[in-house]
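The structure appears right after this line, and notes come after that.
Coordinate-derived values only; no laboratory data. Note that the structure is a prediction, hence the values are computed from the model and not measured. All Cβ positions, glycine included, derive from the backbone under ideal geometry; neighbour counts span all protein chains shown.
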Amino acid sequence: MPILALLLGSQLANTVTIVYSARYYKQGTAKSSHQLYLCRHDGSQKKQLTFGSKSCLSPLWLDRKHIAYIEVNEFVPEQSYTETTEPTRFMVLDITTGKSKVLASPSLNYPDPVADQRAKTITVGGFVWKISPTAVTKGAKQSDEIDPLGKEVDDNEQVTFKLPAKGATPGYEFTYKQDLDELDIGKIDLKVKGPMGERTYKLKGSEVEAATVFDSKLYVTTKPRFTKFTCEHFVYTLGETANLVLSDVGWLTFDPSKPIWFATRPDTRALGKLKNGKQVYISGIISGNWQTKKRWTIVDGLALVDSYQVQP
């Protein structure tokens, strides 16, 4: 294959598209609302997908051209947990035509909706709703979050979990004690049993969020137990020593088999100021290539991000 074709193929492989929901504040008395936007991993080719006064939240890729989302009259993050009901419209947008349609419009209690990309569900109003391009189905009641690592916690807050062996990939067993300091990122001593025997690593963070093996390397992601002030995540490779791969990132989408990662900014209580002096909550989205260490800013400044999803 020609060198140019190889280079072009590499660039295309590293091009990723995301959809995100954000509110870009307007100066003066003009109101703003959360809308959906599409862009590349480096923030380029940004395109607004929804318009109007309604708030569009929790975008969810159903396939490469359909995006489900929740539409409500108004979204106020600091008042999002209430006992009142809110007309909640389940919407599907076709990005090839730019048109949206309503799948269902129940009245629901108004906690923040949460989209699950893998399961193609949105949890809102105390229920899990299964979404397709043509229908929405009310599922089971919302339960406590299921830990994908299957972690077990004893009375002393000691945590244990395992990564089972798979084919030629060896298995690992992990043990640590959660750091319950509410005012700090935290630190843990992570004991790992694996092909290198038993080792203990000192890591930032209060608990382990993810662990995976890729290309014979063990990757572990940690995060704070309490995210009142920061949701900073840390990614390490664990071998002879713990090597920090990624930090200064918030809620994170990271797969070591892919070079591009996405995250919210780590600060959870950031405030911005409008020209009239009013303070508003702000948050952003960043991305990067963990192999080259390059970073990009997707959303910054006087904006408030609800959530984002990476195109499958």
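Starting with the fewest neighbours, write out V305, V153, V102 ranked by other beta-carbon atoms found within 10 Å of each beta-carbon.
Values: V305 21, V153 14, V102 11.
The order, fewest Cβ neighbours first, is V102, V153, V305.
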When the chain is modelled as a GNM with alpha-carbon springs shorter than 10 Å, which of V16, V249, V299 fluctuates the most?
V16
Mean residue ellipticity at 222 nm from the helices of the chain, using -39,500 (n - 2.57) per DSSP H segment of n ≥ 4 over the full residue count, to the nearest 500 deg cm²/dmol?
-1000 deg cm²/dmol
Mean-square fluctuation maximum in Gaussian network of the chain, Cα pairs under 10 Å, restricted to G125, G250, G28, hits G28
Toward the positive end of the charge dipole of the chain, about the Cα centre and with charges on Cβ (Lys, Arg +1; Asp, Glu -1), which of Y24, V153, V305 goes farthest?
Y24
Partner lysines for K54 [C-alpha distance under 19 Å; skip if fewer than 8 residues away on the same chain]
K26, K31, K99, K101
Sorted largest first, extent of the chain alpha carbons per principal axis (Å)
60, 60, 44
Distribution of pairwise C-alpha distances over region 152-252, 5 Å bins, in %:
3, 13, 24, 25, 19, 11, 4, 1, 0
Mean separation of Cα contacts under 8 Å (6+ apart) over length of region 152-252, as relative contact order %
18 percent
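Just want the ordering: T50, T96, from fewest to most Cβ atoms lying within 10 Å of their own Cβ. Kindly include the intermediate steps, with their values, before the conclusion.
Numbers: T50 21, T96 9.
Ascending Cβ contact count within 10 Å gives the list T96, T50.
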Nearest 10 degrees, 0 to 90: what angle lies between the long axis of helix 3-13 and the longest principal axis of the chain (Cα atoms)?
70 degrees
Quick note on R118, R64, R23, R40, ordering by fewest other C-beta atoms within 10 Å, gives R118, R64, R40, R23
Quick one: check the C-alpha center-to-center distance for region 181-201 versus region 257-302, whole angstrom.
28 Å
